[in-house]
Each structure stands twice: as C-alpha cells, then as structure tokens.
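Accompanying notes for the structure given below.
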Amino acid sequence: MTTETVELRDTPVLDIDPYSIEVLRDPYPFHQALREAGPVALIKPHGVYAVGRHAEAKTVLADYARFSNAGGIGIQDIRKPGEFRIPSRLLETDPPNHTGIRAVVTRVLSPLVIRRWKEGFEQKAAAMVERLIERREFDGVEDCAEAFILAAFPAAVGVRLPRTETLAIGEMRFNQSGPHNELTRRALERAQPYLQWFEESVQRQSVLPDSIAELLFKAEDAGELDEGVASNIVRSFVGGGTDSTIAGVGFTLNQLARHPDQWQRVRSDPAKVKAAFEEGIRFESPFQVTYRTTTGETELSGLRLEPDTKIGVFLGAANRDPRHWDEPDRFNIDRPQLAGNHVAMGTGLHACVGQMIARLESEALIGALAKRVKTISLAGEASYRPVNQMRMLDKLPLRIEPA
Ligand code: HEM
C-alpha cells in the first residue's frame, strides 16, 4: 500500500477501556465514540488500534495481505513470549496455509451435507416449543436458546456438549481473547476442571458418527489434512459455533418480544424467520470484536499503522454505523439485503464457515415458535453477562401465549 501518495493524519486517541464491565454491559456509547473518533483510533488503555465504521471493518477483514490472522484474533499477539495458546489452524492462519484447510472444511460443510441435519433440528425445536407452551413463562436464554443449541448442535458438530462443561469452556475462550483482566482470570479458573474433558471430546475416539467431526477425521485419514488438524478444527467448531448461536438466537427473541408488530410479520410470512435472525445478529452482534495484525507498515483511511500492530475490528459497532445503515439503532426485519451486508458473521477469507448451520438451527427454533406461539413478550428485564470478546445475554424472562 502506498504511504507516499496519501497525506497521513494523526491517529485519534480514545481513552475508554472497551473491556471494562460498564462497556461490556452496554457497548453502544463506546461504539459511537469509536466511530466518531475517526476511521481508526488508538485505544489508549491497551495500546491497540481499532475500527468501528462499516467501511474500514470490511477493508481490514478483506485484506489478509496487510492484516494478518497469524497473531491471533484476540487482543494479544499469540506469537509473543508468554502469550501462546493453541491457535486455530483455520481462523488464526493466513493463506497459503488457510487455503487448503478451508477448502476441505467447505467441502465437508456443503449444503447437501448440512441439509441432513435440518429435519433433526426442526423436530427438536417443535418438541421444545411444546414444552415451553406448557410453562408459558421461562428464561429465553437457559430454557430456550441455550437448551435448544446444546440439544441440536452436538449431532451436527459431532461433540457431546454437557451444559456446565461447555459453557465454562466457552466463557474461558471468549474472555481469553481479551486482555488479562479479572474476567479472564476468573474464567480460566472456572474452566480448569473441564479442560481435560474438552481435550478428549475433540479427539477421534470421542466424536459422534455421521457428523462434521467424523468427516474431518476421514479427510485426515485420506491425507487431505495434516495429522492433528482435524481435532484442532473440531475445537474451533465447538468454540465458534456454540455460544455465538445461543447469543444470536437470544438477541433475536429479545427484540421480537419487544416488537409485537414484527413478531406478527414473522408469524404471517415464513421468509421473515430468516430475516429476523439476520437482523437479530446485526442489531446485537455475538462476536463484538476480532483482531488482525499488520504485516508491514501500512495506511488505513489516511492513518499510518506500524508493522506488527494489533487492530481490533469492532463488528458490533460496524453493524450500527449510521454511515452505512438507515436508522441503525432500530430493529427492523424488513431491512433490504441483510445477509452479506452486516459483518456479524465476518467477511472475506475467514467469513464464518458454519453460518449455514447457525442459520438452520435458528430458523428451526424461531420457525417452530412462529407456528405455535401467538404472542411473545418480556416477563421481566433482560440482563447481560460481561464477556471480553462477546455480547451475551444472561437472563431473558419471556412469556408466550399459544396460537
Ligand atoms: C450466530 C452464530 C455465529 C456467529 C455470529 C459467528 C461469527 C463468526 C465470525 C465473525 C467469524 C469470523 C471471525 C474473524 O474473521 O476473525 C466466524 C468464523 C468462523 N466460524 Fe462462525 N459464527 C457463528 C456460528 C458458527 C457455527 C455454527 C460454526 C460451526 C458449525 C462456526 C464456525 C466458525 C469457524 C470454524 C470460523 C473460522 C473460519 C475461517 O477462519 O476460515 N461459526 N464466525
């Protein structure tokens, strides 16, 4: 990239900690400050750069030659002494290493393969909705989004997902991608008893038959993946696909409960089930931030970045950038061209490879509710759980009336 032809400006400095409990509970004022500060800002408390506007988010995610994944997608550079953790061989690597692995995973996740799980998801969703109707009031996180994903996802991914263990491992992973703060320390401590369980669950002898995991081990046997890569990717699948989908389904239900008119649109038009989930994850993005590292000195929107600089892409901020979205703070399932426009699933080479599964699962659940539930409303205030990298609902008290 030419630094000579562009007049470089000073980088704005933002003295806000995006990982403070206050910001994690309500990130929107920080997002606005980040977008307003400029196309790129220095986050003073952590000495990293960040983008919150839609255009720059897309640029950074798409340009792997200048913005690399090899330093890890968290705030720490995992290549530096003391920061090592096992990197994802898919997400935390660049071409050419990423290319061959992604090609195998894309084949394993072909639409034909994925559709096999559709019916199972729909049966589980229908049974769950009947149980929820009997209760009328329930927690939209624990009893609905979480219970459904933990019941539906194992058959597809091929790993058994007991609640306590799975949630503890998820909390560890998504706090660990942030700074070494109290959240990370506590999550690591809580996950400690389950680390061995997780390690064993993603090995060949533990995975469920007829699943993504089994297909990946078969690809390893056929020499398409190097030894050890299959279990590493299964680990990324469990990590990338569990909490994110629980969060996305929870956000969608929260907004549908707040907007009865839009719930009626979902009930009367099956195409709106899909739109509701897309708008749900645009409106509140499960993965709030992902990092890249500059490969050399470069320029981004007129600002100079040194080599080996961490730059955070705040997906949640980009998904509400008024430069790109009309009325960004309004939940609106009638927005044109949602999928592929929001960045909740990333974009470019590393765009979510499991997005079709996430969509199938959420459409199965929201679709089953739409068929059987006339009204859905809040039975109390929703609350959020602070997690460094993620936006997560903690409680979502819901009340439903059957049709
Ligand atoms: C609502 C649910 C989901 C959301 C919001 C989500 C979000 C994302 C995002 C933002 C990325 C790109 C990260 C980056 O570029 O740094 C990503 C990548 C990825 N996701 Fe998802 N995801 C979801 C569901 C899933 C599911 C269900 C799976 C597995 C079945 C999955 C597996 C992965 C994997 C393996 C990658 C890495 C792809 C690569 O590096 O080539 N995700 N996801």
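The values are calculated or read from the model by the stated rules, or taken from the named source; none is laboratory data. These numbers were taken from a predicted model, which means no experiment stands behind them. Backbone-built Cβ (ideal geometry, glycine too); neighbour counts: all protein chains shown. For accessibility, only protein heavy atoms count, side chains too; no ligands or nucleic acids. Shrake-Rupley method; radii C 1.70, N 1.55, O 1.52, S 1.80 Å.
When only DSSP loop residues count, what trypsin sites (Lys or Arg not before Pro) in the range 319-356 have their Cβ near at most 16 other Cβ atoms within 10 Å?
Details: sites: 320, 323, 330; in loops: 320, 323, 330.
Hits after loop and neighbour filter: 323, 330.
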Give me the distance between the Cα centres of the range 317-344 and the range 361-403, rounded to whole Å.
21
Residues whose modelled amide H sits under 5 Å from the amide H of residue 373, counting only those 5 or more places away in sequence or on another chain, are 403
Can you grab the distance from the C-alpha centre of the range 58-80 to the C-alpha centre of the range 93-154, Å, no decimals?
28
GluC sites (Glu not before Pro), loop per DSSP, at most 11 other Cβ atoms within 10 Å - longest free stretch of the chain
8-226
Rounded to the nearest 0.05, FRET efficiency between residue 356 and residue 269 (Cβ-Cβ, R0 22 Å) equals 0.55
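What is the percent carbon and sulfur in the accessible area of the range 288-380, measuring with a 1.4 Å probe over the protein chains and ignoring ligands? Walk me through the intermediate numbers first.
Numbers: 1590 of 3290 Å².
Accessible surface attributable to carbon and sulfur in the range 288-380 totals 48 percent.
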Bin by bin, in steps of 10 Å, what percent of the Cα pairs in the chain do you find, going until the bin that has the longest distance?
5, 23, 33, 26, 11, 2, 0
Give the accessible area for residue 314 in Å² (nearest 10); use a 1.4 Å probe, count only protein heavy atoms, and leave out ligands, DNA and RNA.
10
Solvent-accessible area of residue 324, probe 1.4 Å, all protein chains present, reported in Å² to the nearest ten, please.
80
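Can you give the helix-only mean residue ellipticity at 222 nm for the chain, where every DSSP H stretch with n ≥ 4 adds -39500 (n - 2.57) and the sum goes over all residues, rounded to the nearest 500 deg cm²/dmol? Could the numbers behind the result be given before it?
Working: 17 runs with 184 residues, N = 403.
One gets -14000 deg cm²/dmol as the mean residue ellipticity at 222 nm.
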If you build the convex hull over the alpha carbons only and average its shadow over all orientations, what do you get for the range 116-175? Give it in nm² to one decimal.
4.7
What distance in nm lies between label points placed 7 Å from Cα along the C-beta direction at residue 182 and residue 205?
4.2
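Compare 197, 117 by solvent-accessible area with a 1.4 Å probe and give them largest first, with all protein chains kept in place.
Working: 197 60, 117 25 Å².
From most accessible down to least: 197, 117.
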Which Cα, out of 156, 360, 68, lies furthest along the positive dipole direction of the range 13-402 (beta carbon charges, K/R +1, D/E -1)?
360
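Could you list, in their original order, any pairs among 58/118; 58/374; 124/272; 310/395; 80/395; 218/272 whose Cα atoms are separated by more than 27 Å?
Working: 58/118 31 Å; 58/374 39 Å; 124/272 21 Å; 310/395 33 Å; 80/395 38 Å; 218/272 38 Å.
Correct reply: 58/118; 58/374; 310/395; 80/395; 218/272.
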May I ask for the distance between the Cα centers of the range 31-47 and the range 263-304, given as a whole number of Å?
19
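Hey, what did the chain get for relative contact order, percent, Cα under 8 Å, at least 6 apart?
26
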Taking amide H positions as placed 1.01 Å from N in the peptide plane, with prolines and chain starts having none, which residues 5 or more places from residue 390, or on another chain, fall under 5 Å of its amide H?
288
